[in-house]
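Visitor: I have a structure I would like to understand better, so I am pasting it below and will then ask my questions one at a time.
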Amino acid sequence: MWLVAAATLGIAVAPLPLSSARPTERRVRIEASMSGFTPAAITVNPGDRVTVELVATDVVHGLYLDGYGLSVTADPGQPATLTFVADRPGTFRFRCSVTCGPLHPFLVGKLRVGSKGLLWRAAAIAALIAAAAVWPVRR
Ligand SMILES: [Cu+2]
């Protein structure tokens, strides 16, 4: 049991790889059409400076980002950009802000601001706890 506890502690305090800890410049191209956003899910690291390039492929579309309260509108053939610093961790929805057709309410996507390092840690700790739970049964 002490071994599991020690391993859990080790995972929790292990330093993060530099690549996931250092904020970078991110440019993401999102294509909006009446059938949805492509890609519909983007992940950035906290602190990243993110530039979203919104490309409307059929009619005018907008992108409103929940949580950050930012929006951008793009005309067909005229990409528009939105730059912000991802300083709020969490998962936020973005949705079309221009009524573009019958599928407009379904034009939604997801922005995840979180480090992959933390996710890995959480998974490793969960696996250890699960292993600890079955340990006495095996002996
Ligand atoms: Cu729309």
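Visitor: Any chance you could count how many residues in segment 88-100 are within 13 Å of the ligand (Cβ to nearest atom) and either open to solvent by 80 Å² or more (accessible area, probe 1.4 Å) or in a strand (DSSP E or B) (or both)?
Guide: Selection size over segment 88-100: 3.
Visitor: I'm told Arg93 meets every condition in (1) modelled with pLDDT of 95 or more; (2) within 20 Å of Glu25 (Cβ to Cβ) except one. Can you identify the failing condition by its number?
Guide: Of everything listed in (1) modelled with pLDDT of 95 or more; (2) within 20 Å of Glu25 (Cβ to Cβ), Arg93 misses just condition (2).
Visitor: For the condition more than 16 Å from the ligand (Cβ to nearest atom), open to solvent by less than 80 Å² (accessible area, probe 1.4 Å) and under 20 Å from Ala41 (Cα atoms), what is the one hit in Val108, Val72, Val85? Give the steps one after another, and end with the answer.
Guide: On the way: Val108 fails: more than 16 Å from the ligand (Cβ to nearest atom); Val72 fails: more than 16 Å from the ligand (Cβ to nearest atom).
When all the criteria are applied, what remains is Val85.
Visitor: Please determine whether any residue of segment 35-48 is farther than 23 Å from Ser115 by Cα and either of a type in the set (A, V, I, L, M) or open to solvent by 40 Å² or more (accessible area, probe 1.4 Å) (or both).
Guide: Yes; the residues of segment 35-48 include at least one that is farther than 23 Å from Ser115 by Cα and either of a type in the set (A, V, I, L, M) or open to solvent by 40 Å² or more (accessible area, probe 1.4 Å) (or both).
Visitor: I've got another one for you. Just a yes or no: is a residue in segment 71-87 closer than 23 Å to Ser33 by Cβ, of a type in the set (D, E, K, R) and in contact (Cβ under 8 Å) with a residue 24 or more places away in the chain?
Guide: The answer is no; no qualifying residue exists.
Visitor: Restricting the search to segment 52-69, which residues are open to solvent by less than 70 Å² (accessible area, probe 1.4 Å) and not in a strand (DSSP E or B)? Let's see the steps before the verdict.
Guide: Pass one, segment 52-69, residues open to solvent by less than 70 Å² (accessible area, probe 1.4 Å): 52-56, 58-63, 65-69.
Those that are open to solvent by less than 70 Å² (accessible area, probe 1.4 Å) and not in a strand (DSSP E or B): Asp58, Val59, Val60, Asp66, Gly67, Tyr68, Gly69.
Visitor: Can you name the residue in segment 20-34 that is under 22 Å from Leu103 (Cβ atoms) and not hydrophobic (A, V, I, L, M, F, W, C) and, of all such residues, is surrounded by the most Cβ atoms within 10 Å (Cβ to Cβ)?
Guide: Among residues in segment 20-34 that are under 22 Å from Leu103 (Cβ atoms) and not hydrophobic (A, V, I, L, M, F, W, C), the one surrounded by the most Cβ atoms within 10 Å (Cβ to Cβ) is Ser33.
The values are calculated or read from the model by the stated rules, or taken from the named source; none is laboratory data. Keep in mind it's a predicted model, so treat the numbers as computed, not measured. Backbone-built Cβ (ideal geometry, glycine too); neighbour counts: all protein chains shown. Remember, those area values only see protein heavy atoms, side chains included, never the ligands or the DNA or RNA. Shrake-Rupley method; radii C 1.70, N 1.55, O 1.52, S 1.80 Å.
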